[in-house]
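Novice: Sharing a structure, written as structure tokens. Questions coming.
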Amino acid sequence: MNNKLIGRKPVLLSSLWLLLISLNSICLAETRHSESDMEPIAARSLEKDVRIEVEELHQFFVDWFNGKADQSVFDEFTSRFDSKVHYIGPGGALLDQTALTGFLAGARGIASDFRIAIRDVKVLHQSDSHIIATYTEWQRHAVFSDRPESGRRTTVVLSKSKPFRWLHIHETWLPEEIYKAGPYDF
């Protein structure tokens, strides 16, 4: 066993365990649908709607951290987080809805040149009421990270309601050789 991974293994395993428990409870309560069950047009439309949701939320983060968004915009976007949302950051930190919105509230205008690019949005699973999606998020000039230029892969569980409700967010750092190579063309 690689001794370098021993210290990180419990955090990684506990994060994966939390995600699996969340996904299992959703799947037990809902009827599973495979990609072959979805009509191609409906699947493309859902993926487009999820991509727009993810991009809009991250544009809010950019505008908020840049100091361009006001309190009414903050209230609109943070209301999309379910009261029981859990955010797991790429380093393994777990924030509930109160901690997440509290962090965001105090971060307005903290990084005037902060940027985010969202890529590779994919719907992995959907049920009658939930969506599991993944995407990559690229950041430039991040001040809350030990990696000012970085990439992360994010998995989210959203309610299928309109507007979407964010139920679970789990970010994982991309491997160093990938995030160091970019792309940072935004």
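Novice: Among V62, Q139, S83, which residue has its Cα positioned farthest towards the positive end of the charge dipole of segment 30-154, with +1 placed on the Cβ of Lys and Arg, -1 on the Cβ of Asp and Glu, and the dipole taken about the Cα centre?
Specialist: Q139
Novice: Which whole-Hz couplings ³J(HN,Hα) result when phi for each residue of segment 120-129 is put into the Karplus expression 6.51 cos²θ - 1.76 cosθ + 1.60, θ = phi - 60°, listed in order with x for Gly and Pro?
Specialist: Residue by residue, segment 120-129 yields 6, 6, 9, 8, 8, 7, 9, 10, 5, 10 Hz.
Novice: Aspartates and glutamates within cross-link reach of K84: Cα-Cα under 12 Å, excluding same-chain residues under 8 positions apart?
Specialist: Partners within reach: D96.
Novice: Residues of segment 92-126 with amide nitrogen under 19 Å from the 7 Å Cα-to-Cβ point of V143?
Specialist: Correct set: 100-117.
Values quoted throughout were computed directly from the atomic coordinates according to the rules given, and no laboratory measurement underlies them. Predicted model only: the values in this text are computed from it and were never measured. No Cβ is skipped: glycine too gets one built from the backbone with ideal geometry, and neighbour counts run over all protein chains shown.
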